[in-house]
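Trainee: One structure is given below, represented as structure tokens, and several questions about it will come after.
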Amino acid sequence: MTTLGIGGSTAQAELAQLQPWAARAAPITAGEYHDRLAKARGLMAAQGVDALLVNAGSSLRYFAGVPWGASERLVAMLILPEGNPQIVAPRFELGSLEAELAIPAQIHAWEEHENPHTLMAALLSGGRVARLAIDPALPFQMALRLQAAAPGVALADGGPIIEPCRAIKSPAELAIMTQAKQMTLEVHRRVARILHPGITAGEVTRFIEAAHRALGAAGNSFCIVEFGRGTSFPHGLPGERRLEQDDVVLIDTGCYVQGYTSDITRSYVFGTPSDEHRRIWNLEREAQAAAFDAVRPGVACEAIDAAARRVLERAGLGPDYRLPGLPHRTGHGIGLSIHEGPYLVRGDTTPLAPGMCFSNEPMIVLPERFGIRLEDHFHVTETGAAWFTQPAHSIDDPFGLAA
């Protein structure tokens, strides 16, 4: 039996049918940014710190709406117990920074020949900041320079402040993430149709980028395309590969919408699945369902990983990370970063709470033969979990076209 919905079209035909996404999620409001700062300040007080330093990157976007990546130049925001945040940034970037800021903030500019850590230290002086929580994403070298410039300030880990804020998604964040994930699932449906013997992984990757952009996303957040033996390596192999008849296909990709990311994987067979393909695919789907069914508020993250592994161990796979079996954690948090805490893995005892969002991807690897990964995402509700996108239907009809 040939897999339904695989092959039979072209990249040009599929791209021609794509239009910008109609049901676009609303942006994060000024009020929500205010609430995020208020929550951070409450956690600062609970942690006994006087200020929080947020580095450029996804956390600066979370608190201030500024979508800047970190570089060798210090761009950082100081959140104090009251008043507007203070931002230190290069003077030549002022216009760009002011155009991006979603909150009121006071900007302190430094010239290229100046030491920005001295400028930041001046904001900490006067005895108002004795203990400073540092964004875990701040480079170690920058932390050392700041400590040298402000020797009287004790540095602390800002993770216990930043991570609880970002881990619980608001309704507005859930709506944006839903859009991103639904867009990527539509791209998965389209890319499956363009497959043919001899197509390269590079051609598939380029189509996925073009399809995401045609729907209005900011391109691929990442893309893994593997065929045959390459699917037995969770993050793939280097070099170009060509699709052959009856190969397992694994495509793992996502896009960005307003900075929030999707991350969905589909595995199926180009041609006729073997009995072993079918057995492993069905086990993968069962393990994914078991992880989803185990979700309840208050349950430890590690219990979700354990639920998926029990399914595989009953089938003679593993145990633990041994192969054939599941070589990595069952899932990761997701939001403005593709991978963010908490994690569905043994040892992470964080209690699940409504608004937390996770991937669910208990991959099965048969070394040097093939791997099956089905990855969808869920968010924790008051009573259990809710899918952002519906999981794959079956190995013969992965996109549920006949359902």
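The values are calculated or read from the model by the stated rules, or taken from the named source; none is laboratory data. Predicted model, so just to flag it, every value in this text is computed and none were measured. All Cβ positions, glycine included, derive from the backbone under ideal geometry; neighbour counts span all protein chains shown. Remember, those area values only see protein heavy atoms, side chains included, never the ligands or the DNA or RNA. Shrake-Rupley method; radii C 1.70, N 1.55, O 1.52, S 1.80 Å.
Trainee: What pairs can you find where one residue is in region 279-294 and without any contact (Cβ under 8 Å) to a residue 40 or more places away in the chain and closer than 17 Å to residue 357 by Cβ, the other is part of a helix (DSSP H, G or I) and open to solvent by 20 Å² or more (accessible area, probe 1.4 Å), and their Cβ atoms are less than 9 Å apart, with a gap of 6+ or different chains?
Mentor: So the pair list comes out as 294/303; 294/306.
Trainee: Taking residue 353 and the conditions (1) surrounded by fewer than 23 Cβ atoms within 10 Å (Cβ to Cβ); (2) under 18 Å from residue 266 (Cβ atoms), which numbered condition does it fall short on, given that it satisfies the others?
Mentor: (2)
Trainee: I've got another one for you. Residue check, residue 161 against (1) under 26 Å from residue 329 (Cβ atoms); (2) modelled with pLDDT of 95 or more; (3) in contact with a strand residue (DSSP E or B) (Cβ under 6 Å, 6 or more places away or on another chain); (4) open to solvent by 20 Å² or more (accessible area, probe 1.4 Å), all met but one. Which one?
Mentor: Checking residue 161 against (1) under 26 Å from residue 329 (Cβ atoms); (2) modelled with pLDDT of 95 or more; (3) in contact with a strand residue (DSSP E or B) (Cβ under 6 Å, 6 or more places away or on another chain); (4) open to solvent by 20 Å² or more (accessible area, probe 1.4 Å), the one that fails is (4).
Trainee: Check 393, 379 and return the single one that is outside any loop (DSSP other than H, G, I, E, B) and open to solvent by 20 Å² or more (accessible area, probe 1.4 Å).
Mentor: Just one listed residue meets the conditions, 379.
Trainee: Give the residues of region 102-143 that are outside any loop (DSSP other than H, G, I, E, B), under 13 Å from residue 80 (Cα atoms) and open to solvent by 80 Å² or more (accessible area, probe 1.4 Å), sorted by residue number.
Mentor: 106, 131
Trainee: Hey, among 316, 298, which residue is open to solvent by 40 Å² or more (accessible area, probe 1.4 Å), among the small types (Gly, Ala, Ser), under 30 Å from residue 381 (Cβ atoms) and more than 21 Å from the chain's Cα centre (by Cα)?
Mentor: None of the other options fit; the residue is 298.
Trainee: Another question, then. Pick out the one residue from 197, 238 that is at pLDDT below 95, more than 21 Å from the chain's Cα centre (by Cα) and surrounded by fewer than 21 Cβ atoms within 10 Å (Cβ to Cβ).
Mentor: So the residue among 197, 238 that is at pLDDT below 95, more than 21 Å from the chain's Cα centre (by Cα) and surrounded by fewer than 21 Cβ atoms within 10 Å (Cβ to Cβ) is 238.
Trainee: Related question: Are there strands (runs of 3 or more DSSP E) fully within region 205-285 with at least 1 residues that are over 26 Å from residue 57 (Cα atoms), of a type in the set (S, T, N, Q) and touching a Phe, Trp or Tyr at 6+ places or on another chain (Cβ under 9 Å)? List them.
Mentor: 264-270
Trainee: Of these, 248, 153, which one is crowded, with 23+ Cβ neighbours inside 10 Å and either out of contact with any His (no Cβ under 9 Å at 6 or more places or on another chain) or at negative phi (or both)?
Mentor: It is 248.
Trainee: Would you confirm whether or not region 128-148 contains a residue that is modelled with pLDDT under 95, β-branched (Val, Ile, Thr) and over 24 Å from the mean Cα position of the chain (by Cα)?
Mentor: Within region 128-148 (the criterion being modelled with pLDDT under 95, β-branched (Val, Ile, Thr) and over 24 Å from the mean Cα position of the chain (by Cα)), the answer is yes, since at least one residue qualifies.
Trainee: Which residue is surrounded by the fewest Cβ atoms within 10 Å (Cβ to Cβ), if the candidates are limited to region 14-33 and must be of a type in the set (A, V, I, L, M, F, W, C) and either touching a Gly at 6+ places or on another chain (Cβ under 6 Å) or touching a residue at least 24 places away in the same chain (Cβ under 8 Å) (or both)?
Mentor: 23
Trainee: Which of the residues belonging to region 344-376 are of a type in the set (D, E, K, R) and part of a loop (DSSP other than H, G, I, E, B)?
Mentor: Those that are of a type in the set (D, E, K, R) and part of a loop (DSSP other than H, G, I, E, B): 346, 348, 361, 368, 369, 373.
Trainee: Give me the pairs, please: first residue somewhere in region 383-403 and farther than 18 Å from residue 190 by Cβ, second residue anywhere and of a type in the set (Phe, Trp, Tyr) and modelled with pLDDT of 95 or more, beta-carbon distance under 7 Å, and either six or more positions apart or on two chains.
Mentor: Going by the 7 Å Cβ cut-off, the qualifying pairs are 385/292; 385/378; 386/378; 387/378; 388/378; 395/268; 395/281.
Trainee: Follow-up. Being open to solvent by less than 30 Å² (accessible area, probe 1.4 Å), in contact with a helix residue (DSSP H, G or I) (Cβ under 6 Å, 6 or more places away or on another chain) and in a loop (DSSP other than H, G, I, E, B): is that true of residue 66 here?
Mentor: Spelling it out, residue 66 is indeed open to solvent by less than 30 Å² (accessible area, probe 1.4 Å), in contact with a helix residue (DSSP H, G or I) (Cβ under 6 Å, 6 or more places away or on another chain) and in a loop (DSSP other than H, G, I, E, B).
Trainee: What are the residue pairs meeting all of these: first residue in region 182-205, first residue within 16 Å of residue 17 (Cβ to Cβ), second residue open to solvent by less than 10 Å² (accessible area, probe 1.4 Å) and among the acidic types (Asp, Glu), Cβ atoms under 8 Å, and 6 or more apart or on different chains?
Mentor: Once the first residue is within 16 Å of residue 17 (Cβ to Cβ) and sits in region 182-205, its partners that are open to solvent by less than 10 Å² (accessible area, probe 1.4 Å) and among the acidic types (Asp, Glu) give 190/14; 191/14; 193/14; 194/14.
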